[in-house]
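Novice: Take this structure, written in structure tokens, and hold onto it; I'll ask about it next.
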Amino acid sequence: MIDIICGGQAGDEGKGKIASYLSYTGDYAYSVRIGGPNAGHTVVLNGVKYALKNIPSGFVNPKTKVVLGAGAYTKTEWLLEEMKKTGVEDRLIIDPNVVLIDERQTKAEKEDPHFMQNIGSVGTGLGQAIKERIERRDIKFAKDEPLLAPYVKDVYEVLNKATSKGEKVLIEGTQGMKLSLLHGEYPFVTTRDSTASTFLGEAGVGPKYVNDVFLIFKPYVSRVGPGPLENEITDEKELERYRTKGHEVGTVSKRLRRIGRFEMEMAKRAVMINSATKIAITHIDLFEGNDAGTIKTVNDFSPEAKAFLKKMKELETVYPNPKVALISNGPDVLDMVGNAD
Ligand code: GTP
Ligand code: MG
């Protein structure tokens, strides 16, 4: 059985937080990451913060093997560094077709004003590497790097065997609905589609064994780069709260994220395109008085938070009728207020 985690907005919805919670409290045999190091997932475990470019957030469960699918891009040095930090050397699997970004590609991207200014790239070299892969240039893969040899294994085989035995797999998507190359707000999008079906393909499994598709939302929308943002908040005093309490500073880019009000129509679109079955809401603590520690059940939420959750029920009416299942009220893995029903 496979569960997939997808972003319902413009990325940074807290997919890392939800993935780590599901993994920590669940029994996934494998936690898979795809996509590139331009989208950092943040995991906070017992007060220790991990900003992860590549290692799946599911690493928090020592019984879960961590996997990079063929649709993943990384830099060898970043990967080695993160492996050490997270202590996953003995449970890491890397697909031979994972692309290794090199310095030349990073430099080319950073020097390209179209990438950097028009699109708002974070300049890791990922965009350049994907471009070269599409052009069938001579690029470097994980199978070409001796340092990674101990971890290289066909991921499609590992995952298909696991699902055939009834083991559970978690696929962690990156970015979000608004950033999808196919369905997002072109040209202010990333270099690939960022919805559930693509994440599966990038991992090397088909849709047959999918159980739940978790779609993640914050009560507001944040964007790192240029592009549409409905009802953007410009009041500096209000923005301060998002930047401090909401940590709305880019994990990879370190840029201050732009903030806008919740976009309902985009959210409905995301439910359909991802075939969401479960909704997870993060950052509910951005409404005053809803911090982890003070809230035990949904009944304890402030009127403002309750009103927002009520509004989110509208998403349950959109086919395939996902249920609001998880509500997160803090960055730590276990800051979570279970079921909204
Ligand atoms: P992308 O793949 O880049 O889209 O990342 P992401 O969706 O994993 O989000 P990211 O970790 O980049 O950003 C979310 C930030 O919010 C991190 O700093 C998290 O620690 C933090 N965070 C996650 N959930 C909550 C929450 O419920 N409340 C608060 N206050 N912070 C949260
Ligand atoms: Mg991020």
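The values are calculated or read from the model by the stated rules, or taken from the named source; none is laboratory data. Note that the structure is a prediction, hence the values are computed from the model and not measured. Cβ: placed from backbone, ideal geometry, glycine included. Neighbour counts: every protein chain shown. Accessible surface is based on the protein model in full, side chains and every heavy atom, while ligands, DNA and RNA are left aside. Shrake-Rupley method; radii C 1.70, N 1.55, O 1.52, S 1.80 Å.
Novice: Using a 1.4 Å probe and counting only protein heavy atoms, arrange Lys218, Lys208 so the residue with the most accessible area comes first.
Specialist: On the way: Lys218 0, Lys208 165 Å².
Ranked list, largest accessible area first: Lys208, Lys218.
Novice: Leaving ligands, DNA and RNA out of it, work out the accessible area of Thr244 with a 1.4 Å probe and give it in Å² to the nearest 10.
Specialist: Here the residue's solvent-accessible area equals roughly 80 Å².
Novice: Please sort by residue number the trypsin sites (Lys or Arg not before Pro) in region 213-321 whose DSSP state is loop and whose Cβ has at most 10 other Cβ atoms within 10 Å.
Specialist: Details: sites: Arg223, Lys237, Arg241, Arg243, Lys245, Lys254, Arg255, Arg257, Arg258, Arg261, Lys268, Arg269, Lys278, Lys296, Lys306, Lys310, Lys311, Lys313; in loops: Lys245, Lys254, Arg255, Arg257, Lys296.
Hits after loop and neighbour filter: Lys254, Lys296.
Novice: Taking amide H positions as placed 1.01 Å from N in the peptide plane, with prolines and chain starts having none, which residues 5 or more places from Ile171, or on another chain, fall under 5 Å of its amide H?
Specialist: Asp3, Ile4, Ile5, Val32
Novice: Non-local amide H neighbours of Ala72 (under 5 Å, H modeled in plane, Pro and chain starts lacking H): which ones?
Specialist: So Ala72 has HN proximity to Gly35, Val99.
Novice: Loop only per DSSP, at most 11 neighbouring Cβ atoms within 10 Å: give me the trypsin sites (Lys or Arg not before Pro) in region 128-187, ordered by residue number.
Specialist: Working: sites: Lys131, Arg133, Arg136, Arg137, Lys140, Lys143, Lys153, Lys161, Lys165, Lys168, Lys178; in loops: Arg136, Arg137, Lys153, Lys165.
For trypsin sites (Lys or Arg not before Pro) across region 128-187 that sit outside H, G, I, E and B with at most 11 neighbouring Cβ atoms in 10 Å, the list reads Arg136, Arg137, Lys165.
Novice: What FRET efficiency do you get for Lys153 and Leu45 if R0 is 30 Å and r is their Cβ-Cβ distance, rounded to the nearest 0.05?
Specialist: The value I calculate is 0.70.
Novice: Additional query: So if each residue of separation counts as 0.36 nm, and I subtract the Cα-Cα distance between Ala292 and Lys268, what length gain in nm does that give? The partial results should precede the final answer.
Specialist: Details: separation 24, 0.36 × 24 = 8.64 nm, distance 2.80 nm.
Between Ala292 and Lys268, full extension yields an extra 5.8 nm.
Novice: What percent do you get for the relative contact order of region 2-327 when only Cα pairs under 8 Å and 6+ apart count?
Specialist: The normalised contact order for region 2-327 reaches 22 percent.
Novice: To the nearest 0.05, what FRET efficiency results for Glu167 and Asp90 with a Förster distance of 22 Å applied to their C-beta separation? Don't jump to the answer; show the numbers that get you there.
Specialist: Details: r = 18 Å, r/R0 = 0.83.
The pair Glu167/Asp90 has a calculated efficiency of 0.75.
Novice: Out of region 76-105, which GluC sites (Glu not before Pro) are coil in DSSP terms and have no more than 16 other C-beta atoms within 10 Å?
Specialist: none
Novice: How far, in nm, would the chain grow between Arg104 and Asp144 when pulled straight, counting 0.36 nm per residue and subtracting the alpha carbon separation? Write down the numbers at each step before the final one.
Specialist: Values: separation 40, 0.36 × 40 = 14.40 nm, distance 1.69 nm.
Going from the current span to full extension adds 12.7 nm.
Novice: Before rounding to the nearest 500, sum -39500 (n - 2.57) across all DSSP H runs of length at least 4 in the chain and divide by the residue total; then give [θ] at 222 nm in deg cm²/dmol.
Specialist: Values: 9 runs with 87 residues, N = 341.
So the helix-based figure for the chain works out to -7500 deg cm²/dmol.
Novice: Let me ask you something else. At 7 Å along Cα-to-Cβ for each site, give me the label-to-label distance between Glu111 and Ile134 in nm.
Specialist: Placing both labels 7 Å along Cα→Cβ, they lie 2.2 nm apart.
Novice: How big is the antiparallel share of DSSP beta bridges in the chain, given as a percent to the nearest 5?
Specialist: So the antiparallel bridges in the chain amount to around 30 percent.
Novice: How many Å² of accessible area per residue for region 21-121, probe 1.4 Å?
Specialist: Per residue, region 21-121 has 39 Å² of solvent-accessible surface.
Novice: For Thr282, list long-range residues whose amide hydrogen, built 1.01 Å from N in the peptide plane, is under 5 Å from its own amide hydrogen.
Specialist: Amide H neighbours of Thr282: Phe217, Lys218, Ser328.
Novice: What residues of region 267-292 lie in the reach of a label at Asn321, counting those whose backbone N is under 19 Å from a point 7 Å from the Cα along Cα→Cβ?
Specialist: 268-280
Novice: Ok, one more. Carbon and sulfur atoms: what percent of the 1.4 Å accessible area of region 2-327 do they account for?
Specialist: 53
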